[in-house]
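Scroll down for the structure; my scribbles are underneath it.
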Amino acid sequence: MNDPSVQIITVKGATGCGKSVGITTMLGESNHLVMVTVPTKVGVYGLYSFIRDNCNIGRDIGYAFDGDVKYQYNTKLKIATTKHGFNCLKKAISRNKPFPNNFVFVLDEAHHTTQENAATLKLAQYALRMGILKKLIVMSATFGLTSFDDFTNVTLEAEGRMFPITTFWNSFDICPNNFKRFATHITNTIVDLIKANPNEGILVFVSGEKEVEEVSAYIEDNRALNAEVFRLYSKMPADELNRSLEPVIGKTKVVVATNIAESSVTISDISVVVDTCVKKTPYENERFGILLKNELISQSNSLQRRGRAGRTKEGKYYPMITEEKWEDIDTNDSSDMDRLSPYGIVLELLNEQLPARSILQINSEKYDRIINKLLSLKLMTESGEDGEKTYHITQLGRAVQQYPFSLENSIVAFKSSSSVTGSGQDHIRTIVTLILVSMIEGSQGNSFFWIPKEHRKNKNMYKEFMEDQFGHMKGSNDLETYLYIFSSMFHEPKSHKDAAVAKWAKTNSMNNKLLKNARRNFSQLIRITYPKYRGYAEDFLENMLEQNGIHNLAQLVRDDVLSPVYELFEDVYSDCVFNDPEEGMYGIAYHNNAEVPLSHKIDTMRSFSRLSTNVAHGVVALQVVESVYGLTTNRYISCVFPCKVKKENGTDEEVTGERDTSEEEWECAI
């Protein structure tokens, strides 16, 4: 550790051997200033809480995630998300301000496949070459193909684990795309485990947030089980995260989680892990956004999940595949950096005038595609000849980096706020735009409406329930419906407190998790757009409505307010405008290239397009997500609104066609 000639120390050890806690504690008790980064806020708070409560660090420890920084500059031990660590490295390099000689940067869970993890490791190596960073520690259960031969390095092996774990292999394999069968088998396994030993806490791994909700709801609906269910996924608020880490007395603790709980999490009363062995892997579709593919996890994923048991006593691991199948799956995961284009990371590095391509080691074809995208969105400009081009980040490019959303929605939010001239009407349009961005980002293609199981089985019962329960929120397109939903959530509960909104959501069959996401997004947008305002976002909105004589948000569903908002979305999402290329087709063609042979569906199940009875044949698609089921690829458009379609003569034609709502889905193959 104290040898200045050693630049990188790699620590390799099996999951559960104590390397995260042991190395972090050792560093915290030394004379070094230390920043330990882990991929997720779940991991940050779990590691921070464990060390704070069980180790002799005292108060000289802090944490940082999601912009919530709870440490001082001279705090000896800082535990932060990898993204926070990336930002610290980036600022130090761009300002040419070396860290102190006794500063150690630790990248824990280096095997994690996120773009932030890969970018942070590459940026730390760049900082070592530049002399900004003197010491880097990289910890992981597996290192795959990662090499540090360009640096002076040593490797340490952390051996053993505290308690043994027994694996109970499944007797058969289930197709990863057959979630119904998975859900039935998983829940039956959980029920049997609870009945056999109600004192053993259970951690269940599923592939996504939707699956978290479905499995959790099934367990909660089984009143014969004396179980308390917790949910764990990336967008969960910190207070709910804290509750999931606390012990449960008198009931069986069941935590249903996505792969966010794979790393750096010790839940003290968990001794059993039930694993679907399935994950949703994102792939990039250059023309239509993100493809989400259900895949079997790798062996390294499995070992990470298995390691969540056996932390405080003997553990049990129940994978939903056979041992023979486990031997056939990939050893390690591929990185998101290889599968997805890091637009935001490249923009951040270029904004600090850092050589993004050489730092991230991106091939020229992929890098050119990223640059062209950033140029088309007007996030930067270029000058110079080929081979010697210089890129300049625009005001828009700098501004969108403060928004924790997609590039397109960040642009919409910024352009809306920057167009305010001071009139009340301008502020109202901005508020409406911020609400819509909050709802789009909050839903991520999922439905704000919660349909009871008994109403999902029969098509007529489904339609009747939707109309009776949610008919008052029906808009002529999805953005209107979003505004009606937000209006109901804002005006109908007795107060704006979380408990009151949650009670209202339950009473009205609304998805409170997604509503909470939307409210949190709206609060962030208000803080960014109106930085001088220090109060609650709900109070700000209430005051703004009162000043403009508006009694209910629903009054804003009118053309003079929404038409400029539509134009803004349409302008930003110009490459996601779809239209009916031939009269009589129920089709959606790619606006910029009508010859692409693709089929699309407006997703009436996950979102709420079923209620949008006036969707035109020309639409702007705000969310395009692909799902792969076996050999079938479905492209879902889960949020749309009518737009103007450019004709060959350059004129605009207002689209007024109505969707046939008697159809289950609006689909075409071109």
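Worth a mention:
- Scanning region 388-444 for residues that are basic (Lys, Arg) and within 14 Å of Ile528 (Cβ to Cβ) yields Arg398, Lys415.
- Meets criteria (open to solvent by less than 30 Å² (accessible area, probe 1.4 Å), over 30 Å from Thr394 (Cβ atoms) and either touching a His at 6+ places or on another chain (Cβ under 6 Å) or assigned to a helix (DSSP H, G or I) (or both)) for Ser488: yes
- Within region 152-180, residues that are under 20 Å from Ser207 (Cβ atoms) have Cβ atoms under 8 Å from residues that are at pLDDT below 70 and open to solvent by 60 Å² or more (accessible area, probe 1.4 Å) in these pairs: Ile174/Arg181; Cys175/Arg181; Asn177/Tyr629, counting only partners at least 6 apart in sequence or on another chain.
- The set of residues from region 53-64 being at pLDDT 85 or above and either small (Gly, Ala, Ser) or touching a Phe, Trp or Tyr at 6+ places or on another chain (Cβ under 9 Å) (or both) comprises Ile61, Gly62, Tyr63, Ala64.
- Scan of region 525-558 for residues that are open to solvent by less than 50 Å² (accessible area, probe 1.4 Å), in a helix (DSSP H, G or I), out of contact with any Leu (no Cβ under 6 Å at 6 or more places or on another chain) and closer than 30 Å to Leu396 by Cβ, ordered by number: Ile526, Ile528, Thr529, Ala537, Glu538, Phe540, Leu541, Met544, Leu545, Leu553, Leu556
- Within region 97-145, the residues that satisfy the criterion of being over 22 Å from Gln304 (Cβ atoms), open to solvent by 30 Å² or more (accessible area, probe 1.4 Å) and of a type in the set (Phe, Trp, Tyr) are Phe99, Tyr126.
- Every condition in (1) under 19 Å from Arg520 (Cβ atoms); (2) open to solvent by 20 Å² or more (accessible area, probe 1.4 Å); (3) of a type in the set (A, V, I, L, M, F, W, C) is met by Ile393 except one, and the failing one is (1).
- All positions within region 181-216 that are open to solvent by less than 70 Å² (accessible area, probe 1.4 Å) and among the hydroxyl-bearing types (Ser, Thr, Tyr): Thr187, Thr189, Ser207, Ser216
- Extreme residue, nearest to the chain's Cα centre (by Cα), among residues of region 226-246 that are modelled with pLDDT of 85 or more and farther than 22 Å from Pro404 by Cα: Arg231
- Flag for Ser447 being assigned to a helix (DSSP H, G or I) and not aliphatic (A, V, I, L, M): no
- Taking the criterion of being within 21 Å of Val400 (Cα to Cα), open to solvent by 80 Å² or more (accessible area, probe 1.4 Å) and among the charged types (D, E, K, R), the only residue of region 340-367 that qualifies is Arg357.
- Residue match in region 26-39 (condition: touching a His at 6+ places or on another chain (Cβ under 6 Å), open to solvent by less than 60 Å² (accessible area, probe 1.4 Å) and not β-branched (Val, Ile, Thr)): yes
- Within region 425-446, residues that are farther than 15 Å from Cys639 by Cβ have Cβ atoms under 7 Å from residues that are modelled with pLDDT under 90 and of a type in the set (Ser, Thr, Tyr) in these pairs: Asp426/Ser419; Thr430/Ser417, counting only partners at least 6 apart in sequence or on another chain.
- Qualifying residue in region 338-346 (condition: closer than 30 Å to Asn199 by Cα and modelled with pLDDT of 90 or more): no
- Scanning region 540-572 for residues that are among the aliphatic types (A, V, I, L, M) and under 31 Å from the mean Cα position of the chain (by Cα) gives Leu541, Met544, Leu553, Ala554, Leu556, Val557, Val561, Leu562, Val565, Leu568, Val572.
- Pair list, Cβ < 9 Å and 6+ apart or interchain, from region 1-24 residues that are at pLDDT 75 or above to residues that are among the acidic types (Asp, Glu) and not in a strand (DSSP E or B): Val11/Asp108; Gly13/Glu159; Lys19/Asp108; Ser20/Asp108; Ser20/Glu109; Ile23/Asp108; Thr24/Asp108
- Scan of region 199-244 for residues that are in contact (Cβ under 8 Å) with a residue 60 or more places away in the chain and either in a strand (DSSP E or B) or of a type in the set (Phe, Trp, Tyr) (or both), ordered by number: Gly201, Ile202, Leu203, Val204, Phe205, Arg231, Leu232
The values are calculated or read from the model by the stated rules, or taken from the named source; none is laboratory data. Predicted model only: the values in this text are computed from it and were never measured. Note: ideal-geometry Cβ built from the backbone for every residue, glycine included; neighbour counts use all protein chains shown. Quick note on the areas: whole protein, heavy atoms, side chains included, nothing else; ligands and nucleic acids left out. Shrake-Rupley method; radii C 1.70, N 1.55, O 1.52, S 1.80 Å.
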